[in-house]
Amino acid sequence: MIMSYSCDIQIRVEYVDTDKMGVAHNSNYFRYFERGRCETMRKIGINYKEMEDKGVMMPLVEQYAKYLRPAYYDDVLILRTTVGEMPTAKIRFDYQVLRIDNQEEKLICQGYNVLAFIGVESRRPKACPLWVVEKLKKVYDNGHEALKNINLEIALYLKEFLRSIYFSFL
C-alpha cells in the first residue's frame with residue numbers, strides 16, 4: 001500500500017560534528033537519520049522500548065546517503081523523515097536534510113534506511129506487527145483527509161463535465 005507520512009525536526013550542527021574545515025562530517029548524517037526516525041516513530045505513537053517489550057526488534061539492514069552540499073558549524077538544518085509505504089517484514093524511512101538559505105529550502109543531503117522486523121527471542125524475520133500498521137494507518141488517514149475531500153470534489157466535477165460532453169453529442 002502506497003502512503004506517505006512526513007515529520008520534520010530541526011538539528012543544529014554542533015562543533016563536535018565538524019571536521020577541521022568546519023564542515024559537518026559525513027558520518028553524522030546517519031546519526032541525524034536515526035534521530036529523525038526515532039522522532040517520526042514517536043509522533044506516530046511507536047517507540048523502540050515498547051516494540052522490544054512486545055517482542056519485536058528492528059535491526060538496520062540497508063542505509064544510503066547522497067551528499068549534495070556541505071553543512072557547516074552552527075547551521076540549523078531541517079531533517080524531513082518520510083515513511084512512504086506501509087511496511088511488510090521491513091520498513092523504509094526516506095530522509096531529506098535541508099538548510100534554509102535566503103528563506104528557501106536547499107537540499108543538502110538525501111538518503112534512506114531500511115529496518116527489518118525480527119523476534120526478540122528468535123532473532124528471525126517476522127511481519128510488521130498489526131498494532132504498528134494500525135498506528136501508521138491512523139496518521140496516514142488523519143493527514144490525508146483533506147486530500148481525500150479534494151479528490152472527491154475533483155471526481156464529482158469530472159463526472160459532471162464528462163456527462164455534459166456526452167449529452168452535448170446526443
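Enumerate the calculated ³J(HN,Hα) couplings along segment 21-26 in order (Karplus 6.51 cos²θ - 1.76 cosθ + 1.60, θ = phi - 60°), each rounded to whole Hz, writing x wherever the residue is Gly or Pro.
These are the phi-based 3J(HN,Hα) values: 8, x, 9, 4, 5, 4 Hz.
Check which residues have an amide H placed less than 5 Å from Asp75's amide H, if you skip close sequence neighbours.
Here Val13 satisfy the definition.
I want the local charge near Ser27. Using Cβ-Cβ distances under 13 Å, sum +1 for each Lys or Arg and -1 for each Asp or Glu among the other residues.
Net of charged neighbours comes to -2.
Can you list the equivalent-ellipsoid semi-axes of segment 78-144, largest first and in whole Å, using the square root of 5 times each Cα gyration tensor eigenvalue?
Equivalent ellipsoid semi-axes, largest first: 30, 16, 7 Å.
Go through Lys54/Lys106; Lys20/Lys43; Lys49/Lys138 and tell me which ones have a Cα-Cα distance over 29 Å in this structure.
Distance filter (> 29 Å) returns Lys54/Lys106; Lys20/Lys43.
Spelling out what I want: for every residue of segment 94-107, take phi, set θ = phi - 60°, compute 6.51 cos²θ - 1.76 cosθ + 1.60 (Karplus), and round to whole Hz; glycine and proline get x.
Listing the rounded values in order: 9, 10, 10, 9, 10, 10, 8, 10, 6, 6, 10, 6, 10, 6 Hz.
Excluding ligands, DNA and RNA, what is the solvent-accessible area per residue of segment 1-95 at a probe of 1.4 Å, expressed in Å²?
Ligands and nucleic acids excluded, the figure is 57 Å² per residue.
The values are calculated or read from the model by the stated rules, or taken from the named source; none is laboratory data. Every value quoted in this text rests on a predicted model; they were computed, and no experiment measured them. A quick note on method: Cβ atoms are made from the backbone with ideal geometry, for glycine too, and the neighbour counts reach across all protein chains shown. Accessible surface is based on the protein model in full, side chains and every heavy atom, while ligands, DNA and RNA are left aside. Shrake-Rupley method; radii C 1.70, N 1.55, O 1.52, S 1.80 Å.
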